[in-house]
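This report concerns only the one structure given below.
The values are calculated or read from the model by the stated rules, or taken from the named source; none is laboratory data. Since the structure is predicted, the reported quantities are computational estimates derived from the model, not experimental observations. So basically every Cβ, Gly included, is an ideal-geometry build from the backbone, and we count neighbours across all protein chains shown. Please note that ligands, DNA and RNA were not included when accessible areas were found on the heavy atoms of the full protein model with its side chains. Shrake-Rupley method; radii C 1.70, N 1.55, O 1.52, S 1.80 Å.
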Amino acid sequence: MLYPKIKQNIDRIDLSTIRPNREEIHNQLITYIQSKVDKGDDVNLNFICTHNSRRSHLSQIWAQTMASYFKIPNVTCYSGGTEATAMFPMTAETLRNQGFVFQTLVEGSNPVYAIKYNSSRQPIIGFSKTYHDDFNPSSNFAAVLTCSEADADCPFIPNADVRIALTFDDPKLFDNTPQQQEKYKERSLEIATELYAVFSKIKI
């Protein structure tokens, strides 16, 4: 079962808030996932941004959650960057406020978290890493670019089945401003809404 606060956030999703002209991008991801589901194959999604600190983590965690919510089988979501830094603290705080449960497995400059969204599922392991880190799949995956910088820096992702640019604005622009908490919440819910739109179209 999804944790109640997460389910409440999902139940409040309004697909009419999705920006115009996103359907074509969504359809690329829907087509990839559906093709894997139809064949009974594993669905591996690697969400990639520059620093693997904000948007890629939000996307990884919401995608895994939506797969569970819609009961899409064999989905495993990953994240990475063109360089490794750390999950930005406000990213973790935003997800906690939205109902996710964090356990710190490793302290330090790049903490490792076990992130729970469902009482009966294994946690997501969250930490900053490069997209080609050994923790991530080396083949048979979709590379989903979540920021325009990574999209530009990574014109080719080795061994990816497909490369999809599902980009979002960077909440980092509001760091250390009075709008920081609000904008991180807004970006997280925008990402959740778009991934809801994707996974809701998958037929089992």
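Rg(Cα) of segment 90-178 divided by 2.2 N^0.38 Å?
Scaled against compact globular proteins, the figure is 1.26.
Of Q179, S138, A86, whose Cα points farthest to the positive end of the dipole of the chain (charges on the beta-carbon: +1 Lys, Arg; -1 Asp, Glu; origin at the Cα centre)?
Result: Q179.
Grab the other residues whose beta carbon is less than 12 angstrom from that of Q64, score K and R as +1, D and E as -1, and report the net.
Charge balance in the 12 Å sphere: +2.
Of K36/K129; K5/K39; K71/K172, which pairs sit farther than 29 Å apart, going by alpha carbon to alpha carbon?
K5/K39; K71/K172, as the Cα separations exceed 29 Å there.
Would you list, by chain and number, the aspartates and glutamates whose Cα falls below 19 Å from the Cα of K116, excluding same-chain residues fewer than 8 positions away?
D11, E93, E107
Averaged per residue, what accessible area in Å² does the chain show with a 1.4 Å probe, protein chains only?
48
What does the extension gain come out to for R96 and R163, with contour length at 0.36 nm per residue minus their alpha carbon separation?
Length gained, R96 through R163: 21.1 nm.
So, by mean Cβ neighbours within 10 angstrom, what's the order for 109-119, 49-59, 33-43 with the highest one leading?
Packing order, densest peptide first, comes out as 49-59, 109-119, 33-43.
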